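One structure is given below, encoded as structure tokens.
The values are calculated or read from the model by the stated rules, or taken from the named source; none is laboratory data. Please read these numbers as outputs of a predicted model, since none were measured by experiment. Cβ placement follows ideal geometry from the backbone for every residue including glycine, while neighbour counts extend to all protein chains displayed.
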Amino acid sequence: MPVRVQEDAFDAGAELNAFSGGDGVGAVVSFTGVVRDTDGTLAAMEIEHYPGMTERAIAAIVDDAMARWNLADVLVIHRYGSLPAGAPIMMVATKSAHRADAFAAADFVMDYLKSRAPFWKKETTADGSAWVAAKDADEDALKRW
Amino acid sequence: MPVRVQEDAFDAGAELNAFSGGDGVGAVVSFTGVVRDTDGTLAAMEIEHYPGMTERAIAAIVDDAMARWNLADVLVIHRYGSLPAGAPIMMVATKSAHRADAFAAADFVMDYLKSRAPFWKKETTADGSAWVAAKDADEDALKRW
Amino acid sequence: MNVMYFAWVRERIGVPLEEVQTGAATVADLVAELSAREERYAEAFADVTALRVALDQELSDFDAPLKGVREVAFFPPMTGG
Amino acid sequence: MNVMYFAWVRERIGVPLEEVQTGAATVADLVAELSAREERYAEAFADVTALRVALDQELSDFDAPLKGVREVAFFPPMTGG
């Protein structure tokens, strides 16, 4: 269950390929989150996190996913620091014998990472900087599970 | 909406990276299906398809996904011919501004590819060859949408 | 019209594709006509609930009319993905 | 105990981490004590429903007792992923 919290960029494709093998694996699902620049004005995104708690929170989410579904493994990579528009922020990958488990677990891990892992995003545009507000929809998404 | 039906192997990680960019994209989901060798006896998998109908059926599924969700693009690659255990059979990738759309659309496209795209799998083991039977669960999965 | 067979249907009938001269009005009529012709067809079509049919590369059903159809394909339920 | 602040809470209070000598029984007591001490705390803690608290790196709540706790962290709702 590799979990990496890092400032450096990562190569989502290379990570997917490195993660994908294994006996009995029939399905691999990946999610990549990218710094989105909705109206072409985003200069940078800054991600702050809580070292120590971040790793514990992610490990707890991954353990929960491994207990709920039949998974061969889960990968989580999440960056912090300053990221340009278009850069990958994070990725989650799951692998399983069956596609339903791989899909559900990746979706679950994403929902929990959004609202339960201690990361905070700050966007800088030409107008200045502002912390991204949490969405009620993200908290509500946890009730699906 | 790239759709490729091919005999050649493909590199899922390289395909994911090539697919991932684009203005306003915040979420990329991929699914890779792998030839699964449950008990170490699979010698090969042979995939037959219906040239012409295959491309039409996949295009119809992708069009349906693009109409149902807010997507920037959908990628489908599906192999035919003889594949060894562990080889990638196919992949689907979706990208969107939002993760919920990307997840739902990838899940939907997979469900429909399983039961509505004209592919048939034959497994060869030490005991001989047998066509893989469709599962009721795969047909039932379509009722989710 | 061209009639195509895939997977185990192709294996039982022994050819992937053949041209069939028929006046059959529906898919079911064509199945009955072929089954009467030779045992290998009768075997392949013994349980049509285990089969799917496509007309001109679109999934259809056994009640569908054949008028104007140029390509009929018979195959088991699909197992892609 | 060590008290940590993240994101806009850190910006308003002006430090990421400080050691606080306190006899506060609960998180809410600590918040009241800090808010009475200086205006920057009062501003940051004006609406605790907009805040989250972690005790020794586990999410907790404002009623939780502080006995035995070594690290308290205050921050807005998380926006990871």
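Within 10 Å of chain B (Cβ to nearest Cβ) and at pLDDT 95 or above: which single residue out of C:Arg52, C:Arg70, C:Arg12 fits that description?
Sole residue among the options that is within 10 Å of chain B (Cβ to nearest Cβ) and at pLDDT 95 or above: C:Arg52.
For A:Trp120, work out the one condition from (1) surrounded by 22 or more Cβ atoms within 10 Å (Cβ to Cβ); (2) among the aromatic types (Phe, Trp, Tyr); (3) under 25 Å from A:Val29 (Cβ atoms) it doesn't fulfil.
Result: A:Trp120 fails condition (3) only.
Taking segment A:81-115 as the search range and keeping residues that are assigned to a loop (DSSP other than H, G, I, E, B) and within 15 Å of A:Arg36 (Cβ to Cβ), which one is farthest from the other protein chains (Cβ to nearest Cβ)?
Step by step, filter segment A:81-115, then rank; the result is A:Pro84.
Residue under question is B:Gly40, and the condition is that it be outside any helix (DSSP H, G or I) and more than 30 Å from A:Leu42 (Cβ to Cβ); does it hold?
Yes, satisfied.
What number goes with the only condition from (1) under 17 Å from the mean Cα position of the chain (by Cα); (2) at pLDDT 95 or above that A:Ser96 does not pass?
(1)
I'd like to know if segment A:116-129 contains one or more residues that are part of a helix (DSSP H, G or I), within 20 Å of B:Met110 (Cα to Cα) and under 16 Å from the mean Cα position of the chain (by Cα).
Within segment A:116-129, none of the residues are part of a helix (DSSP H, G or I), within 20 Å of B:Met110 (Cα to Cα) and under 16 Å from the mean Cα position of the chain (by Cα).
Has segment B:49-56 got any residue that is surrounded by fewer than 22 Cβ atoms within 10 Å (Cβ to Cβ), modelled with pLDDT under 95 and more than 8 Å from every other protein chain (Cβ to nearest Cβ)?
no
Having 2 or more residues that are among the charged types (D, E, K, R) is the bar; report the strands (runs of 3 or more DSSP E) wholly within segment D:1-80 that clear it.
D:17-19
Please go through segment C:12-61 and give me each residue that is farther than 26 Å from B:Ala130 by Cα and among the hydrophobic types (A, V, I, L, M, F, W, C), ordered by number.
Passing the criteria: C:Val20, C:Ala24, C:Ala25, C:Val27, C:Ala28, C:Leu30, C:Ala32, C:Ala36, C:Leu55.
In segment C:32-78, which residues are touching a helix residue (DSSP H, G or I) at 6+ places or on another chain (Cβ under 8 Å) and among the acidic types (Asp, Glu)?
C:Glu43, C:Glu58, C:Asp61, C:Asp63
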